[in-house]
Structure formats: C-alpha cells, structure tokens
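Reading through the structure tokens given below for one structure.
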Amino acid sequence: MSTILKPGTFYGETVSMRVADAVLTEVRHRVGRSVPAHTHEASYFSILLEGTYSETWHDTTIVYEPFTCVYHAAFTEHNDTIGPNGCRMFFIELLPSWVDVIDALGSQPEHLLKMHGGDAVWLALRLYHEFLTRDSAATLTAESLLFELCTHVARGDHDEEREPTWLASVDAAVQTSFRDGLEIRDLAEAVNVHPSHLCRAFRRYRGQTVGDHVIGLRLQAVCRRLLDASASLSEIALEAGFTDQSHMNRTFKRMIGESPGAYRKRLRDGALS
C-alpha cells in the first residue's frame with residue numbers, strides 16, 4: 001500500500017502556508033532522485049518553477065517543463081522522477097470546502113489534468129506571489145484566485161458572451177464596502193450566482209480579480225489621505241481597511257514601488273519644488 005501524504009507534506013525540503021482553506025507549499029529537491037509511489041490526501045495543483053520533473057500514473061507519464069501546471073484529484077497514486085539537477089515546485093492543496101465548490105460547478109476529473117498554459121498557470125503564479133509575500137491577511141485575493149482555479153477543473157463551465165447585468169451590483173457593493181471584510185460568497189449570494197462564476201466574470205470584464213480591485217480601491221484611498229499631512233500612517237491604514245500600518249506598507253510598496261512615507265514626501269514636494 002502506498003504512502004498517503006497529508007496536506008503540507010511532500011518529499012523534499014518544504015515551506016508551507018495555510019490561507020483561505022488551502023495549503024500553499026514550495027518544495028525543493030536539490031539533487032535528482034526517484035520518489036516511490038504515493039498519494040495525497042487533498043486534491044491539488046502543482047506547477048514546476050525550475051528544473052526537470054516527471055510523474056507517472058499507471059501508464060500515463062507527464063513530463064513537466066517550467067510553468068507546467070497539473071491538477072490531481074485526491075488519492076491519485078503516482079510516482080515521481082526528479083531530474084539530475086533537482087527542481088523547485090509550488091503546490092496548491094485544496095481542503096474539502098474547495099472540492100465542494102468544484103462539485104457544485106460540475107465534476108472534477110478522475111485523475112491527472114494538465115493545464116496547457118492560459119489562465120490556470122497565471123492564477124497559480126499569482127498565488128505563488130501571495131505565498132512569497134507571506135501575507136496571511138491577503139485572504140480575499142487568495143480566495144478569488146482559488147475560485148477561478150476551480151472553474152478550470154470543473155467540467156461544463158461556460159463563459160458568457162455579454163457582460164452580465166448583475167455585475168454592476170457587484171461593482172456598487174465593492175465600492176461601498178471595500179474598507180470592510182468582504183466575502184466572495186456574500187457578494188455572490190446577493191446577486192444569486194455561484195461564487196466561482198462571479199470571480200470569473202469579474203476578472204473577464206473588469207480585467208482583475210475581486211481581491212485586486214479591493215486592494216486598488218484601498219490604495220487609492222490611502223493616496224488621497226496621504227495628502228493630509230496631519231493624518232498618521234497608522235490612522236490612514238485602518239481607515240482604508242488594512243489590518244495595520246505594516247500591512248499597508250507591504251501592500252503599498254509591492255503595488256506602487258515605494259513606501260507610503262516616501263510617496264507622501266514626493267506628493268508634498270511636487271515636481272516644481
């Protein structure tokens with residue numbers, strides 16, 4: 001009987017983070033090796049970041065190239081071969097609530113499903129970016145990305161040809177409540193659509209995830225408040241909906257390229273001073 005690995009457990013060196021009811025893990029193998037047959041307790045996506053790697057299930061072998069993304073149903077038995085110079089991979093394990101989301105959309109594939117480029121790969125890489133920031137407060141962004149990834153697994157998902165009328169109501173709700181703790185499921189329930197359908201339509205017609213849109217609105221609010229020299233950075237952070245000043249600083253620098261304090265000084269000094 002093959003080994004069953006629990007979420008966050010992999011062969012090789014690992015670093016894991018749990019967010020939005022998923023487990024994100026980076027795995028590194030520094031040298032080549034063969035990994036014996038095993039299964040994973042959770043369904044998961046894997047994406048090769050560098051090196052060479054292949055996995056075999058029964059008579060099917062998938063040879064990964066960098067940024068190959070593959071979905072595995074839970075308890076799919078397979079064995080792996082790590083290339084001679086090792087490899088580095090990122091895994092997105094879906095805990096039971098996400099399997100329920102896939103089942104609600106249609107059904108998941110029985111075994112391995114290779115994602116041939118496109119949105120699934122970029123969504124996985126966006127989650128990897130969130131993982132690297134180690135920002136456990138970025139739950140909304142991670143949740144949005146996970147809902148979208150689930151639509152690539154479920155069968156029978158179809159894009160709408162025209163922008164749905166309910167999207168304007170979602171826009172209004174986000175604009176009104178971006179400072180608060182928004183929930184994708186609540187937004188979807190208010191307009192009577194599935195959360196994954198909402199996330200997919202929002203990204204298609206707004207060009208970004210719901211989470212990214214919320215972050216953008218919060219940063220816009222921060223920029224406006226930075227013009228007021230009497231407001232402290234900690235006050236501004238809380239007013240805009242960030243957990244604290246540190247959270248705001250990290251997000252601001254990641255998105256804008258400099259700290260709020262430096263940006264405030266540049267705004268104050270202007271180009272003609």
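Against the longest alpha carbon principal axis of the chain, how many degrees, from 0 to 90 and to the nearest 10, is the axis of helix 139-153 turned?
Compared with the principal axis, the helix lies near 40 degrees.
Pulled fully out, how much extra length does the chain show between residue 185 and residue 13, if you take 0.36 nm times their separation in residues and subtract their Cα-Cα distance?
Full extension from residue 185 to residue 13 adds 58.4 nm.
Over the Cα atoms, compute the radius of gyration (one decimal) and Dmax (the largest Cα-Cα distance, rounded to a whole number) for the chain, in Å.
In order Rg, Dmax, the Cα atoms of the chain give 20.9, 73 Å.
Evaluate the charge dipole of the chain about its Cα centre and quote only its size in Debye, nearest 20, assuming +1 on the Cβ of each Lys and Arg and -1 on the Cβ of each Asp and Glu.
1160
Please check the chain for the longest run free of trypsin sites (Lys or Arg not before Pro) that are loop-located per DSSP (anything but H, G, I, E, B) and have at most 11 other Cβ atoms within 10 Å.
It runs 1-133.
With all pairs of different alpha carbon atoms counted, what Kirkwood hydrodynamic radius in Å does the stretch 202-273 show?
Across the stretch 202-273, the inverse of the average 1/r is 12.8 Å.
Using 7 Å Cα-to-Cβ label points, what is the residue 162/residue 107 separation (nm, one decimal)?
3.3
What GluC sites (Glu not before Pro) in the stretch 1-52 are in a loop by DSSP, with at most 16 other Cβ atoms within 10 Å of the Cβ?
Those that pass, being in a loop and sparsely packed, are 41.
Give me the orientation-averaged projected area of the Cα convex hull of the stretch 6-130, in nm², one decimal.
Hull-based average projected area comes out at 7.2 nm².
In terms of Cα to Cα distance under 26 Å, which lysines are near enough to residue 114, apart from those fewer than 8 places away along the same chain?
6
Using the Cα centre of the stretch 133-273 as the reference point, and only Cβ charges (+1 on K/R, -1 on D/E), how large is the resulting charge dipole? Debye, rounded to the nearest 20. Spell out each step's value before the answer.
Details: 19 positive and 20 negative charges, 132 e Å.
Here the stretch 133-273 has a charge dipole of around 640 debye.
Ignoring everything except DSSP H segments at least 4 long, calculate the 222 nm mean residue ellipticity for the chain; use -39,500 (n - 2.57) per segment, divide by total residues, nearest 500. Let's see the in-between values first.
Details: 10 runs with 117 residues, N = 273.
That comes out to -13000 deg cm²/dmol.
What's the extension gain from residue 205 to residue 229 if we count 0.36 nm per residue and subtract their Cα-Cα distance? Write out the running numbers ahead of the final one.
Working: separation 24, 0.36 × 24 = 8.64 nm, distance 3.71 nm.
Gain on extension, residue 205 to residue 229, equals 4.9 nm.
If you take the beta carbon distance between residue 128 and residue 1 as r and set R0 to 41 Å, what does 1/(1 + (r/R0)^6) give as a FRET efficiency, to the nearest 0.05? Write out the running numbers ahead of the final one.
Details: r = 33 Å, r/R0 = 0.79.
About 0.80, to the nearest 0.05.
With angles folded into 0 to 90 degrees, how steeply does helix 210-225 sit against the dominant principal axis of the chain? Use alpha carbons for both and round to 10.
30
Expressed in nm to one decimal, what extension gain is obtained for the pair residue 79 and residue 243 from 0.36 nm per residue of sequence separation less their Cα-Cα distance?
Gain on stretching residue 79 to residue 243: 54.8 nm.
Taking a point 7 angstrom from the Cα of residue 220 along the C-beta vector, which residues in the stretch 174-191 have backbone N less than 16 Å away?
Answer for the stretch 174-191: 174-180.
Coordinate-derived values only; no laboratory data. Worth saying up front: this structure is predicted, and the values here are computed from it rather than measured. Positions of Cβ are backbone-derived with ideal geometry, glycine not excepted, and every protein chain shown enters the neighbour counts.
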